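Following: one structure in structure tokens, then a few remarks.
The values are calculated or read from the model by the stated rules, or taken from the named source; none is laboratory data. Remember, it's a predicted structure, so these values are computed and weren't measured experimentally. Neighbour counts run over all protein chains shown; Cβ positions are idealised from the backbone, glycine included.
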Amino acid sequence: MNLRYYILFANYEQGLALRDILLADGVPNRIAPAPRAIQGDLSCGMSLLVEPEHIEAARRSIEAHNAPYHRIASLEGQIQSHRDRYC
């Protein structure tokens with residue numbers, strides 16, 4: 001199973017602030033486009049991508065800092081490293 005967790009935001013400022021918090025707390029994450037399947041009515045297309053082994057640490061960090069975010073959503077199979085290889 002290739003499960004990924006996406007943290008969604010109402011605006012990119014919330015996303016950048018949370019990214020700084022997570023990095024300061026040692027929680028690996030990366031900025032990624034919010035997948036259309038989970039973006040819903042949010043106008044912000046940014047998300048933070050967190051691997052399954054780090055999602056609980058991310059939740060603890062969010063709670064400890066009372067960081068704003070819209071929701072955390074999980075999707076399977078969104079990243080396929082071999083997708084654009086032709087040889």
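Before moving on, here are some points about what is shown:
- Scan of the stretch 1-13 for residues that are under 19 Å from Ser74 (Cα atoms) and either surrounded by fewer than 19 Cβ atoms within 10 Å (Cβ to Cβ) or without any contact (Cβ under 8 Å) to a residue 40 or more places away in the chain (or both), ordered by number: Met1, Asn2, Leu3, Ala10
- Residue list for the stretch 1-24, restricted to those being in contact with a Ser or Thr (Cβ under 9 Å, 6 or more places away or on another chain) and of a type in the set (Gly, Ala, Ser): Ala10, Gly15, Ala24
Yes/no matrix, rows are residues, columns are (1) in a helix (DSSP H, G or I); (2) at pLDDT 95 or above; (3) among the hydroxyl-bearing types (Ser, Thr, Tyr); (4) crowded, with 17+ Cβ neighbours inside 10 Å:
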| site | (1), (2), (3), (4) |
| --- | --- |
| Ser43 | no, no, yes, no |
| Glu53 | yes, yes, no, no |
| Ala58 | yes, yes, no, yes |
| Ser61 | yes, yes, yes, yes |
| Ala64 | yes, yes, no, no |
| Ser81 | no, no, yes, no |
| Asp84 | no, no, no, no |
| Cys87 | no, no, no, no |
